[in-house]
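Notes for the one structure printed next.
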Amino acid sequence: MNKEMQPKIALIHATRLAISPIEKTFQDYWPEANTFNLLDEGLLKDIACLSSQEMNKRFQSLASYATGTGCDAILFSCSVFGSAIDSVKNAFNLPVYKPNEAMLDSIYKLAQEKQNLKMLVMGTSKLSVDSLSSEIGEWSKNNHASIQIEKLFIDKAFELLGKGQMDLHDALIMDAVKKNQNADLIVFTQFSMASAYQRCQEVSSAPIYSAPIIAVQTLQTRITHER
């Protein structure tokens, strides 16, 4: 455990577009945390050519650097590397969180409380939409839950964010939310969508789950309790 007064949290990213949203979320919900960022943009480029063992080693190297700084916890921000993050969990003795882990726990709790949960899984990366939908669907099957999953990929939004056009990125997401008001729950698949969260929640008839907010709140509760 880090001995400093401020808890030290390592944020590990596969895209620079995730950095600003999670930093702002910490500022809004846990400003006392001392965060720092590690970025490996090659991860998304190499996902198709590296074996799972090689990807695990890559993630463990990033985690090793992070733990060498004396951090109290690690939060990953890219949702498509679940098995590699699991390898980090097994190799290191500190809290390690997948980007959607805390949010999924909240979703599963809601699914156990509500019959026939209608969920819209919305994202600006098709890979993330498919990955998260598959994970929720598998859990639903294994736990005999009743979840109706609809997937929505918002084309062009991620590209706009990469060009620095956040307002247009957010507007596309908000427009998609306005046009899809039949779900019991809307789930944002990526940290990079956090900039649109507040405005989308204002126009949505359903609650919206945004992974960064739930992740930060969960980390704060756990680290504060352990201290």
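The values are calculated or read from the model by the stated rules, or taken from the named source; none is laboratory data. No experiment lies behind these values; they were computed from the predicted model shown. Note that we place each Cβ from the backbone using ideal geometry, even for glycine, and neighbour counts take in every protein chain shown.
Please work out which residue is surrounded by the fewest Cβ atoms within 10 Å (Cβ to Cβ), limiting yourself to the stretch 185-205 and to residues that are closer than 11 Å to Met122 by Cβ and free of Cβ contacts under 8 Å to residues at least 60 places away in the same chain. Walk me through how you get there before you give the answer.
As a first pass, look at the stretch 185-205 and keep what is closer than 11 Å to Met122 by Cβ: 185-190, 193, 196, 200, 204.
Right, trim to free of Cβ contacts under 8 Å to residues at least 60 places away in the same chain and you get 196, 200, 204.
Working: Ala196: 27, Cys200: 22, Ser204: 18.
Selected residue: Ser204.
Name the residue that is modelled with the lowest pLDDT, counting only residues in the stretch 132-151 that are buried (at least 18 other Cβ atoms within 10 Å of the Cβ) and small (Gly, Ala, Ser).
Residues of the stretch 132-151 that are buried (at least 18 other Cβ atoms within 10 Å of the Cβ), as a first pass: 132-133, 136, 140, 145, 147.
This time we only want the ones that are small (Gly, Ala, Ser), so: 133, 140, 145.
Values: Ser133: 95, Ser140: 94, Ala145: 91.
Ranking the qualifying residues of the stretch 132-151, first place goes to Ala145.
In the set Asp130, Asp86, Asp105, which member is under 19 Å from Ala211 (Cα atoms), of a type in the set (Asp, Glu) and touching a Ser or Thr at 6+ places or on another chain (Cβ under 9 Å)?
Values: Asp130 fails: touching a Ser or Thr at 6+ places or on another chain (Cβ under 9 Å); Asp86 fails: touching a Ser or Thr at 6+ places or on another chain (Cβ under 9 Å).
The match here is Asp105.
When you scan the stretch 105-191 for helices (runs of 4 or more DSSP H) that lie fully inside it, which ones turn up with 1 or more residues that are polar (S, T, N, Q)?
Qualifying helices (runs of 4 or more DSSP H): 126-142.
Suppose we filter Asn142, Asn90 for residues that are over 16 Å from the mean Cα position of the chain (by Cα) and under 28 Å from Thr15 (Cβ atoms); which single one remains?
Details: Asn142 fails: under 28 Å from Thr15 (Cβ atoms).
The unique qualifying residue is Asn90.
Based on this model, can you work out whether Asp170 counts as of a type in the set (Asp, Glu) and closer than 22 Å to Arg16 by Cα?
When the stated conditions are applied, Asp170 passes them.
Please go through (1) touching a Cys at 6+ places or on another chain (Cβ under 8 Å); (2) of a type outside the set (Gly, Ala, Ser); (3) modelled with pLDDT of 95 or more for Leu44 and return the number of the only condition it doesn't satisfy.
Every condition holds for Leu44 apart from (3).
Ser128: crowded, with 20+ Cβ neighbours inside 10 Å and either out of contact with any Leu (no Cβ under 9 Å at 6 or more places or on another chain) or hydroxyl-bearing (Ser, Thr, Tyr) (or both), yes or no?
Yes: the conditions hold for Ser128.
Checking the structure you have, find out if any residue of the stretch 76-85 is in contact with a helix residue (DSSP H, G or I) (Cβ under 6 Å, 6 or more places away or on another chain), under 30 Å from Asp184 (Cα atoms), assigned by TED's automatic domain parsing to the domain that holds Thr218 and in a strand (DSSP E or B).
yes
So that you can scan it fast, the table gives a plain yes or no per residue for (1) surrounded by fewer than 22 Cβ atoms within 10 Å (Cβ to Cβ); (2) in contact with a Phe, Trp or Tyr (Cβ under 9 Å, 6 or more places away or on another chain):
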position	(1), (2)
Val80	yes, no
Val88	no, yes
Leu104	yes, yes
Tyr108	yes, yes
Phe153	yes, no
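Of all residues in the stretch 22-79, count the ones that are in contact (Cβ under 8 Å) with a residue 60 or more places away in the chain and aliphatic (A, V, I, L, M).
5
Could we say that Ser210 is modelled with pLDDT under 95 and touching a strand residue (DSSP E or B) at 6+ places or on another chain (Cβ under 9 Å) here?
It is true that Ser210 is modelled with pLDDT under 95 and touching a strand residue (DSSP E or B) at 6+ places or on another chain (Cβ under 9 Å).
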